[in-house]
Amino acid sequence: MGAAQLLQYLFSGVATGSIYAIVGIGFNIIYSSTGIINFAQGEFLMLGGMIAVSLQGFLPLPLAIAAAVALTGLLGIAVQLVFLSWLKKPGILRMIIITIGLSILIREVGLHVWDEKVHALAYWTGDETTSLAVLGARVSPQVLWVLGISALMVIGLTLFFRFTLTGKAMRACASNSTAARLCGIRASSLVTLSFFIASAMGALAGCVVSPITQTQYDMGTSLAVKGFTCAVLGGLGNVSAAVGAGILIGVLESASISVLPLAYKDVVALTIMLAILLLRPQGLFAGVGRRAGPLGRG
Amino acid sequence: MTNARARNLPLLLLAALIVSIQVVLSAMKADFYLTQLTMSAWYTLVALGLCLLMGYAGQVSMGHAGFFAIGGYTAAVISTAGAAPWLSIPTAVLVTAAVSLLVGIPVLRLKGHYLAMATLAFGFIVSRIILGTTLFGQADGISDIPAYKLFAGLAISGRRTFRIQNFYIAWGVVLAGLGLALNLVRSRTGRALRAIHGDEEAAASVGIDVARHKLAVFVLSAVYAGLAGACLAHFNAGIGPSEGGIMKSVRYVALVAAGGMANLWGTLAASAILTFLSLRGAFGLFDDAVFGGILVAIMLFAPEGVFSVLQRKRKTP
């Protein structure tokens with residue numbers, strides 16, 4: 001394998017990996033505000049991509065994407081308000097099953113509103129033949145878009161959580177929601193906000209990756225499992241570690257193509273997840289576990 | 001003695017119901033319904049196994065279609081490869097048991113979301129391996145699976161002349177599976193499983209070997225699924241990759257949820273009815289949506305299952 005080819009794998013791996021990381025961060029945001037793993041997280045990427053694909057016929061691309069992100073964000077709010085907000089202390093099993101059911105329903109909405117075909121958003125710059133030479137490797141500008149948008153989202157989120165009052169309030173709720181409420185923080189609206197952030201971020205990720213990987217109604221499950229892998233690999237609740245984990249998985253996955261048949265690509269990521277869950281349940285980078293770890297009360 | 005008889009009465013009534021369904025349908029010359037009822041029986045066997053695991057032991061499995069597919073594909077590969085024909089179903093059951101043992105030992109250490117994701121990933125891996133391996137026919141699946149000869153001229157086969165006996169074979173196995181499960185639930189083991197469901201630490205503290213019990217019920221429920229997969233593969237004379245798909249796993253969970261989780265009779269009823277309707281095409285294009293909707297609706301409004309809501313209404317006049 002030449003150095004250029006290695007670089008090629010590296011680029012495509014980092015690009016897909018950063019999308020997994022965004023899904024993983026989506027899990028983290030909702031998990032830290034509610035203790036729920038939202039199994040429908042992958043579906044937000046599908047919805048974002050699909051809506052933008054439909055709108056690109058009528059609107060200029062940036063507007064179509066913005067509208068798709070806003071609509072998916074509103075849908076995330078709707079999901080939380082309609083299905084989850086009024087449940088009093090639901091058990092974990094119940095929440096898992098509800099969000100899995102929701103993921104199936106959103107998927108079916110995708111199937112019936114659109115169809116079972118693969119759709120793709122237009123390339124943000126140039127087209128599928130455009131490529132840039134980076135250190136001897138040919139890279140599509142869309143890959144750079146993916147990296148740039150993901151980086152922006154991660155930086156934006158980090159700043160938001162660290163420096164804004166709302167962000168701090170969300171962190172307070174995550175670490176102790178009773179104490180946060182005693183300080184006058186309205187936990188319930190912050191939970192709704194966390195669903196908005198997670199779904200809007202998912203939609204944006206779905207848009208930026210759509211030209212490369214295409215959008216299909218049933219893409220959500222594999223994204224959810226891989227995103228969860230990032231979240232767990234990084235230690236559940238740890239945003240920046242999820243990015244590292246995502247890149248690691250993406251690179252391993254794209255490298256696996258040169259060794260294994262293409263169809264086994266997903267098997268690689270999932271096997272990594274199972275191995276991590278079993279060998280290092282607290283995550284690769286984590287120190288202290290928060291909330292219930294995979295092996296019980298943390 | 002009377003106690004035992006009272007216990008067995010519902011099973012006898014179910015057997016009578018099964019016989020009368022066949023008699024009525026045959027008398028009405030509508031015995032083509034028996035084909036879907038037979039298929040629905042095999043799927044119901046999977047749901048019963050999952051009910052033991054999820055409802056009683058409280059361990060969620062989002063990958064049970066994976067075990068069904070392992071059973072089905074093992075039977076398919078063996079019986080189309082020219083091995084001794086009787087080997088197919090026993091080997092399928094053994095392979096499913098072995099895989100579930102290997103998967104179960106590490107995975108069952110996980111709890112809650114992690115267990116759900118890990119089993120989801122397991123199901124995903126199985127379906128990807130099926131789709132990516134030529135031995136398993138990739139997207140086309142495996143067809144031309146021969147009938148599985150039992151004894152005295154009986155055979156698991158979808159041919160018209162075998163229709164009535166296959167209805168009885170399938171429901172006979174379901175009845176046996178249900179009887180075994182009911183006995184298990186009432187036994188010391190069943191009480192241990194419910195204790196584990198309630199609180200694993202507490203169960204361990206009264207001397208229950210938590211890991212062993214969870215593993216045993218996991219393997220048993222996988223065996224139910226594998227046996228069903230193998231038999232249905234012979235009955236349909238083929239198996240396709242969708243049998244191992246995530247949607248199928250979710251569907252089994254929906255059936256157990258609709259039945260009321262820790263309710264074997266409820267699961268049986270929900271599964272027999274819903275699977276039959278689905279196989280008849282009653283839900284049309286919205287088949288998967290119906291099961292997703294059932295899952296959400298049940299868990300939101302009636303987490304104890306449909307039948308518990310009816311019971312509650314009956315009790316309060």
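The values are calculated or read from the model by the stated rules, or taken from the named source; none is laboratory data. Values in this document were obtained by computation on a predicted structure and should not be read as measured data. For neighbour counting, all protein chains shown are included, and Cβ atoms are generated from backbone atoms with ideal geometry for every residue, glycine included.
Here are some notes:
- One residue from B:G305, B:G259 being over 15 Å from B:A65 (Cβ atoms), crowded, with 24+ Cβ neighbours inside 10 Å and of a type in the set (G, A, S): B:G259
- In a residue-by-residue description of the range B:134-143, the property of being more than 14 Å from chain A (Cβ to nearest Cβ), surrounded by 20 or more Cβ atoms within 10 Å (Cβ to Cβ) and modelled with pLDDT of 90 or more applies to at least one position.
Residues checked against (1) more than 14 Å from every other protein chain (Cβ to nearest Cβ); (2) outside any loop (DSSP other than H, G, I, E, B); (3) more than 21 Å from B:V93 (Cβ to Cβ):
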position	(1), (2), (3)
B:K248	no, yes, no
B:A254	no, yes, yes
B:W265	yes, yes, yes
B:L295	no, yes, yes
B:E304	no, no, yes
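- Residues in the range B:81-92 include at least one that is among the aliphatic types (A, V, I, L, M) and either within 14 Å of chain A (Cβ to nearest Cβ) or in contact with a strand residue (DSSP E or B) (Cβ under 7 Å, 6 or more places away or on another chain) (or both).
- For the range B:159-202, the set of residues classified as over 23 Å from B:A225 (Cβ atoms), of a type in the set (G, A, S) and in contact with a Gly (Cβ under 9 Å, 6 or more places away or on another chain) consists of B:G198 only.
- Criterion (out of contact with any strand residue (DSSP E or B) (no Cβ under 7 Å at 6 or more places or on another chain) and at the interface with another protein chain (Cβ under 9 Å from one of its Cβ atoms)) met by exactly one of B:L101, B:L120, B:L108: B:L120
- For B:A202: the one exception among (1) more than 20 Å from the chain's Cα centre (by Cα); (2) away from chain A (no Cβ under 14 Å); (3) in a helix (DSSP H, G or I); (4) surrounded by fewer than 19 Cβ atoms within 10 Å (Cβ to Cβ): (2)
- Scanning the range B:134-168 for residues that are in contact (Cβ under 8 Å) with a residue 40 or more places away in the chain and closer than 20 Å to B:V19 by Cβ gives B:I156, B:R163, B:I164, B:N166, B:F167, B:Y168.
- Only one entry in A:S240, A:S258 is more than 21 Å from A:I37 (Cα to Cα) and either more than 14 Å from every other protein chain (Cβ to nearest Cβ) or touching a Pro at 6+ places or on another chain (Cβ under 9 Å) (or both), namely A:S258.
- A count restricted to the range A:27-78 and to residues that are out of contact with any strand residue (DSSP E or B) (no Cβ under 6 Å at 6 or more places or on another chain) and over 16 Å from A:I100 (Cβ atoms) stands at 35.
- Scanning the range A:222-242 for residues that are outside any loop (DSSP other than H, G, I, E, B) and crowded, with 24+ Cβ neighbours inside 10 Å returns A:L223, A:A224, A:V225, A:K226, A:G227, A:F228, A:T229, A:C230, A:A231, A:V232, A:L233, A:A242.
- Selection status of B:L115, free of Cβ contacts under 8 Å to residues at least 12 places away in the same chain, buried (at least 19 other Cβ atoms within 10 Å of the Cβ), over 18 Å from B:V46 (Cα atoms) and within 14 Å of chain A (Cβ to nearest Cβ): no
- Selected residue (criterion: modelled with the highest pLDDT) from residues of the range A:131-161 that are buried (at least 16 other Cβ atoms within 10 Å of the Cβ) and not in a helix (DSSP H, G or I): A:S140
- Sole residue being surrounded by 18 or more Cβ atoms within 10 Å (Cβ to Cβ), more than 22 Å from B:Y148 (Cα to Cα), touching a residue at least 40 places away in the same chain (Cβ under 8 Å) and not β-branched (V, I, T), chosen from B:L48, B:L11, B:L34, B:L101: B:L48
- Every condition in (1) at pLDDT 85 or above; (2) farther than 19 Å from A:G26 by Cβ; (3) within 14 Å of chain B (Cβ to nearest Cβ) holds for A:G227 except the one numbered (2).
- Failed criterion for A:G126 (all others in (1) of a type in the set (G, A, S); (2) buried (at least 19 other Cβ atoms within 10 Å of the Cβ); (3) in a loop (DSSP other than H, G, I, E, B) hold): (2)
- Any hit, the range A:84-93, residues being modelled with pLDDT of 90 or more and assigned to a helix (DSSP H, G or I): no
- Looking only at residues of the range A:252-298 that are among the small types (G, A, S), at pLDDT 60 or above and in a loop (DSSP other than H, G, I, E, B), we find that the one that is nearest to A:S12 (Cα to Cα) is A:S258.
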